[in-house]
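The values are calculated or read from the model by the stated rules, or taken from the named source; none is laboratory data. The structure displayed is predicted, hence computed values, not measured ones. Cβ placement follows ideal geometry from the backbone for every residue including glycine, while neighbour counts extend to all protein chains displayed. Surface accessibility is based on the protein's heavy atoms, side chains included, excluding ligands, DNA and RNA. Shrake-Rupley method; radii C 1.70, N 1.55, O 1.52, S 1.80 Å.
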Amino acid sequence: MTDMLLSINGDEYPVVVDTRETLLDTLRERLDLTGAKKGCDHGQCGACTVLVDGRRVKSCLTLTVTLDDREITTVEGLADGDRPHPLQAAFIAHDAFQCGYCTPGQLCSAVGMLAEAAAGWPSVVTEDVCAEPVLDEEEIRERMSGNLCRCGAYVNIVAAIGEVAR
Amino acid sequence: MKPFDYQRAADTRSAVAALSRQPEAMYLGGGTNLVDLMRLGVATPAVLVDVTRATSEAIEESSGGGLLIGAAARNSDLAAHPVVRHRYPMLAQAVLAGASGQIRNMATVGGNLLQRTRCSYFQDIAKPCNKHRPGSGCPAREGDHRNLAIIGHSSSCVATHPSDMAVALAALGASVHVEGVEGTRTVPMPGLHRLPGDEPERDTVLEPGDLITAVELPALPYASRSRYRKVRDRASFAFAVVSVAVALDEADGVVRDCRIALGGVAHVPWRATLAESALRGAPATAEEFTRAADLELAGARPLPDNAFKVPLVRNVLVRVLSELAS
Ligand SMILES: Cc1cc2nc3c(=O)[nH]c(=O)nc-3n(C[C@H](O)[C@H](O)[C@H](O)COP(=O)(O)OP(=O)(O)OC[C@H]3O[C@@H](n4cnc5c(N)ncnc54)[C@H](O)[C@@H]3O)c2cc1C
Ligand code: SF4
Ligand code: FES
Ligand code: FES
């Protein structure tokens, strides 16, 4: 067991963790931050996506012990007080979910993805990897392919993200 | 998951010392493969030595006009690097063709090279598999091998190496910087990975405790005209069925030089040296490209359920060569 201080959504959480614990289990089982969801526990579905130092990662493959000096953001930390994050508002406006199980992961992933695109990162569908990417539908679909939606709400998810990207 | 100790190495020397002191220890990079294999019971280290801060994350131009990539550089930073995008576009494309945005943010260059096969028997400790339990047999040969090797395999293992990045690095002839108990050395790609032979439990030529510290790309001006093409069962976020990495130096309709590597076909990223030498000096035409591809694939020994990979990889290779030539 390891004593550590986790910084999550701007708050500090002292925790005693087993080295085997993933960030997903620490969030859900110890800290009652149940926004991030467990879909597959193998990195394949994206339901557990959170941001570490502003970058999207899969919390089911991240060992908590590696994170002592990192800043973690979960879906609970996206809104500004009572004001939803623009992506959250767009997801509601576009009806971008059905059961909602994948939604926290989709939201955190989209926040990270938009930052990557703003930094000029290409994707595998970017025709010229040297050029500045333009977030059209094909680009959004490729960049969000790490997040599955069993309800198949993709059309509305892409529309919601597209609105914020513009 | 079996309990383990977590240690963070401050530098490469202490990382190597930690592994030589503790034989049941393993290095931890981004953990995207190792944590999964530990959860599946395939990897059972007693100690994890985190090397993400011991090795460098830097990507910098090297004195010889190449590029030096620290082993801890994240896959996403490698693909986004301006020098990689301009001078080695097939490497940027190969990295971007792998996994998902989240996983590329976590995965390191060192860990990517040493990721294990996705053969389903290897990932299931309840099943026999010569790679996870030497001598227990290879059920893939008679069983599920649609995604496995068509060339260079042995009676003891028909697995493929799953890395997209490694295919581009093999084509580029990158060198892998290694630090071990005996000191430092470099291993040229594609020579890092090995064919299974009768020791399929060994994926690479590395010795226990060897640490990858960096990967160096040589100066290869014509690689600015290069491409990585991956064929998979769905449009995104799937391992390769087959893939090709090609750099082409062509002028006045003649191939001056080229680099070709194939993915999803072998236990190693397969450098197509026969096709390369057939093409040097040849007209840059679809006929010559097809002839060179057939020559390389003459050595293929597909299994019953993956024979389709032979024409598939040939056609993809001819297509990419033709695109680069025009
Ligand atoms: C859902 C999913 C989909 C994926 N799809 C693809 C895909 O399409 N294409 C693809 O190429 N990959 C794919 N991957 C694999 C991914 O690219 C690898 O898991 C990743 O690159 C491994 O890097 P890492 O830093 O996380 O390695 P780790 O998991 O930390 O380590 C992997 C191995 O390397 C060793 N190691 C790590 N660093 C070093 C070092 N510096 N020196 C010596 N040994 C070291 C570890 O001991 C371990 O044995 C996928 C993974 C997942 C989970
Ligand atoms: S192909 Fe290799 S990894 Fe797969 S079952 Fe056979 S021995 Fe194991
Ligand atoms: S729970 Fe982490 S990717 Fe599915
Ligand atoms: S809304 Fe149900 S899984 Fe996406």
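Among the strands (runs of 3 or more DSSP E) confined to segment B:164-261, the ones with at least 3 residues that are surrounded by fewer than 17 Cβ atoms within 10 Å (Cβ to Cβ) are located at B:183-188. Out of everything in segment A:35-49 that is in contact with an Asp or Glu (Cβ under 7 Å, 6 or more places away or on another chain) and within 13 Å of B:S100 (Cβ to Cβ), what residue ends up being nearest to ligand 2 (Cβ to nearest atom)? Across segment A:35-49, the extreme among qualifying residues is A:H42. For segment A:144-166, the set of residues classified as of a type in the set (S, T, N, Q), within 16 Å of ligand 1 (Cβ to nearest atom) and surrounded by fewer than 23 Cβ atoms within 10 Å (Cβ to Cβ) consists of A:S145 only. The numbered conditions (1) on the phi > 0 side of the Ramachandran plot; (2) without any contact (Cβ under 8 Å) to a residue 60 or more places away in the chain are all true for B:A99 except (2). Scanning segment B:294-311 for residues that are in a helix (DSSP H, G or I) and open to solvent by less than 50 Å² (accessible area, probe 1.4 Å) turns up B:E296, B:L297, B:K309, B:V310.
Right, B:R291: among the charged types (D, E, K, R), in contact (Cβ under 8 Å) with a residue 12 or more places away in the chain and in a strand (DSSP E or B) or not? So that I can check it myself, show each step before the final result.
Values: among the charged types (D, E, K, R): yes; in contact (Cβ under 8 Å) with a residue 12 or more places away in the chain: yes; in a strand (DSSP E or B): no.
In short, no.
Of everything in segment A:43-74 that is at positive phi and within 13 Å of ligand 1 (Cβ to nearest atom), the residue that is surrounded by the fewest Cβ atoms within 10 Å (Cβ to Cβ) is A:G43. Comparison of B:S63, B:S14 shows that the only residue that is at pLDDT below 95 and open to solvent by 10 Å² or more (accessible area, probe 1.4 Å) is B:S63. When B:S76 is tested against the conditions (1) closer than 24 Å to B:Y222 by Cβ; (2) among the hydroxyl-bearing types (S, T, Y); (3) within 11 Å of chain A (Cβ to nearest Cβ), the lone failure is (1). When segment B:2-14 is filtered for residues that are more than 13 Å from chain A (Cβ to nearest Cβ) and closer than 28 Å to B:G98 by Cα, only B:T12 remains. Restricting attention to segment A:130-143, the residues that are facing another protein chain (nearest Cβ under 10 Å) and surrounded by fewer than 23 Cβ atoms within 10 Å (Cβ to Cβ) total 5.
Between a first residue in segment B:205-217 that is at positive phi and a second residue that is among the small types (G, A, S), which pairs have beta carbons less than 7 Å apart while being 6 or more apart in sequence or on different chains? From residues that are at positive phi, the pairs are B:G209/B:S20; B:G209/B:G180. The residues on offer are A:T126, A:T66, A:T73, and the sole one that is closer than 30 Å to A:M1 by Cβ, over 13 Å from the mean Cα position of the chain (by Cα), within 14 Å of chain B (Cβ to nearest Cβ) and among the hydroxyl-bearing types (S, T, Y) is A:T66. Every listed requirement among (1) over 24 Å from A:A117 (Cβ atoms); (2) free of Cβ contacts under 8 Å to residues at least 24 places away in the same chain; (3) more than 10 Å from ligand 3 (Cβ to nearest atom) is met by A:D41 save one, (3). Annotation note: Cβ proximity below 6 Å between a residue of segment B:232-258 that is within 14 Å of chain A (Cβ to nearest Cβ) and under 19 Å from B:A92 (Cβ atoms) and a residue that is hydrophobic (A, V, I, L, M, F, W, C) and within 16 Å of ligand 3 (Cβ to nearest atom) (sequence gap 6+ or interchain) occurs for B:R232/B:A238. Taking segment B:94-115 as the range and being open to solvent by 30 Å² or more (accessible area, probe 1.4 Å) and facing another protein chain (nearest Cβ under 10 Å) as the test, only B:A99 passes.
Criterion first (more than 19 Å from B:T52 (Cβ to Cβ), outside the structural domain of A:T103 (by TED's automatic domain parsing) and within 16 Å of ligand 1 (Cβ to nearest atom)) does A:D32 satisfy it? The answer is no for A:D32. For segment B:26-43, a residue qualifies if it is within 23 Å of the chain's Cα centre (by Cα) and more than 11 Å from chain A (Cβ to nearest Cβ), and the qualifying residues are B:M26, B:Y27, B:V42, B:A43. Considering segment A:1-29, and only residues there that are open to solvent by 50 Å² or more (accessible area, probe 1.4 Å) and among the acidic types (D, E), the residue that is nearest to ligand 1 (Cβ to nearest atom) turns out to be A:E29. Under the condition of being over 18 Å from the mean Cα position of the chain (by Cα), more than 8 Å from ligand 2 (Cβ to nearest atom) and at positive phi, the residues counted in segment B:116-172 number 1.
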